[in-house]
């Protein structure tokens with residue numbers, strides 16, 4: 001499927017004339033926590049990253065009471081996945097995220113795979129489950145299977161799709177290209193397309209790709225009026241693509257206000273400073289160091305999570321019993337670079353004090 005260029009038409013998307021509805025990240029987390037059945041290390045990380053990296057979603061138009069196709073820009077590795085819980089707890093239908101097939105090879109892809117394969121994950125409420133659809137445009141047969149999977153899931157749930165199929169390099173960057181896939185999928189299924197924009201994951205100047213938001217602050221989202229399948233059916237193929245592009249780009253600047261998180265946790269180093277210091281000290285990746293710092297800052301509610309923190313004791317070089325499982329061994333050795341945790345007693349004392357205060 002060939003991608004179509006950005007519309008050069010002068011028409012603009014009409015601004016909504018109805019009050020917006022704000023979905024707050026704090027409320028989403030509170031609802032998710034009440035729903036969790038099995039607290040474990042995977043759950044701790046999902047909650048910690050969601051709490052930290054999702055701010056709010058401004059819904060500028062009522063969402064249909066049926067499954068929809070969310071057509072979005074894409075800024076960082078985890079931005080679209082951070083929308084799954086807000087969608088699941090505040091709309092009529094949960095959603096699946098369409099991801100690039102090669103994403104599984106990235107550090108972020110490996111982290112997500114570990115979190116979703118915890119033995120108890122399948123027992124959780126559907127609203128808590130992160131469901132993915134792998135899409136590879138370079139392999140026609142595999143792409144066809146993915147499209148059929150989207151069609152099947154749209155019978156009972158929504159899907160979130162990146163229009164360009166790749167991450168952008170700066171905040172509030174227009175979406176320049178899109179495939180004819182989404183309008184065709186809307187027409188074939190009857191599901192509306194909801195234009196959606198993510199902001200706050202990148203700085204305003206061009207930057208490199210990252211898994212978590214710039215400066216480790218929260219992302220924001222804004223969605224506009226649904227584009228109905230009947231409307232798309234009346235347009236020529238190129239006009240259909242341009243209609244979706246214009247709707248998504250028309251949301252630039254309408255997202256939630258950015259929040260300064262540099263000192264969000266009060267006194268002491270910011271999260272970004274702590275992650276950078278851990279990278280220098282351990283030689284590990286930013287994403288692994290970010291997970292470690294988020295867990296250290298707590299609070300933790302599971303035995304697995306608390307056992308993970310025991311690994312930061314200087315004299316501990318083996319896995320605690322609760323993590324000495326097939327999943328635990330694979331995940332923890334990956335996350336800690338085979339227990340390469342060069343922590344001194346001062347760091348451990350600070351860690352214990354923070355954990356005791358949280359409890």
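Express the relative contact order of segment 147-305 as a whole percentage, based on alpha carbon pairs under 8 Å and six or more residues apart in sequence.
Values: 186 pairs, mean separation 33.5, N = 159.
That works out to 21 percent.
Rounded to the nearest 5, what % of DSSP beta bridges with both residues in the chain are antiparallel? Intermediate values should be presented prior to the final figure.
Values: 12 of 33 bridges.
Counting DSSP beta bridges with both partners in the chain, the antiparallel share is about 35 percent.
If we count other beta carbons within 10 Å of each Cβ, what is the order of 117, 189, fewest first?
Values: 117 13, 189 19.
Lowest count first: 117, 189.
In percent, how large is the relative contact order of the chain, given Cα pairs closer than 8 Å and 6 or more residues apart?
For the chain, the relative contact order is 22 percent.
How far apart, in nm, are two points set 7 Å out from the Cα along the Cα-to-Cβ line at residue 113 and at residue 151?
In this crude spin-label approximation the distance works out to 2.9 nm.
With axes computed from alpha carbons, what is the tilt in degrees of helix 345-358 against the longest principal axis of the chain, rounded to the nearest 10 within 0 to 90?
60
Using only the C-alpha atoms of segment 176-265, find the volume of their convex hull and express it per residue in Å³.
Values: hull volume 11.0 nm³, N = 90.
Expressed per residue, the convex hull around the Cα atoms of segment 176-265 is 122 Å³.
Which whole-number value in Å³ per residue fits the convex hull of the alpha carbons of the chain? Numbers along the way, then the final one.
Numbers: hull volume 50.5 nm³, N = 359.
Considering the Cα atoms of the chain, their hull volume per residue is 141 Å³.
When 138, 307, 125 are ordered from fewest to most other Cβ atoms inside 10 Å of their Cβ, what list results? Spell out each step's value before the answer.
Numbers: 138 8, 307 20, 125 13.
Listing 138, 307, 125 from fewest to most nearby Cβ atoms yields 138, 125, 307.
Sticking with the crude label model, points 7 Å out along Cα→Cβ, report the distance from residue 273 to residue 334 in nm, one decimal please.
Placing both labels 7 Å beyond Cα along the Cβ direction yields 3.2 nm.
Can you list, bin by bin at 10 Å, the percent of alpha carbon pairs in segment 55-137, starting at 0?
Histogram of Cα-Cα distances, whole percents per bin: 15, 48, 31, 6.
Let me check I have the definition right: for segment 30-86, take the eigenvalues of the Cα gyration tensor, multiply each by 5, take square roots. What are those semi-axes in whole Å, largest first? Don't jump to the answer; show the numbers that get you there.
Numbers: eigenvalues 111, 48, 22 Å².
One finds semi-axes of 24, 15, 11 Å for segment 30-86.
Run the quick spin-label model on residue 120 and residue 325: label points 7 Å from Cα toward the beta carbon, then report their separation in nm to one decimal.
With each label point 7 Å from Cα toward Cβ, the separation is 0.7 nm.
Specify the angular offset, from 0 to 90 degrees and rounded to the nearest 10, of the alpha carbon long axis of helix 326-335 from the longest principal axis of the alpha carbons in the chain.
90
Kindly put 169, 130 in sequence by how many other C-beta atoms sit within 10 Å of each C-beta, fewest to most. Before the final figure, lay out each step's value.
On the way: 169 14, 130 19.
In order of increasing Cβ crowding within 10 Å: 169, 130.
Values in this text are rule-based calculations from the coordinates and carry no lab data. Fair warning: this is a prediction, and the values are worked out from it, not measured in the lab. A quick note on method: Cβ atoms are made from the backbone with ideal geometry, for glycine too, and the neighbour counts reach across all protein chains shown.
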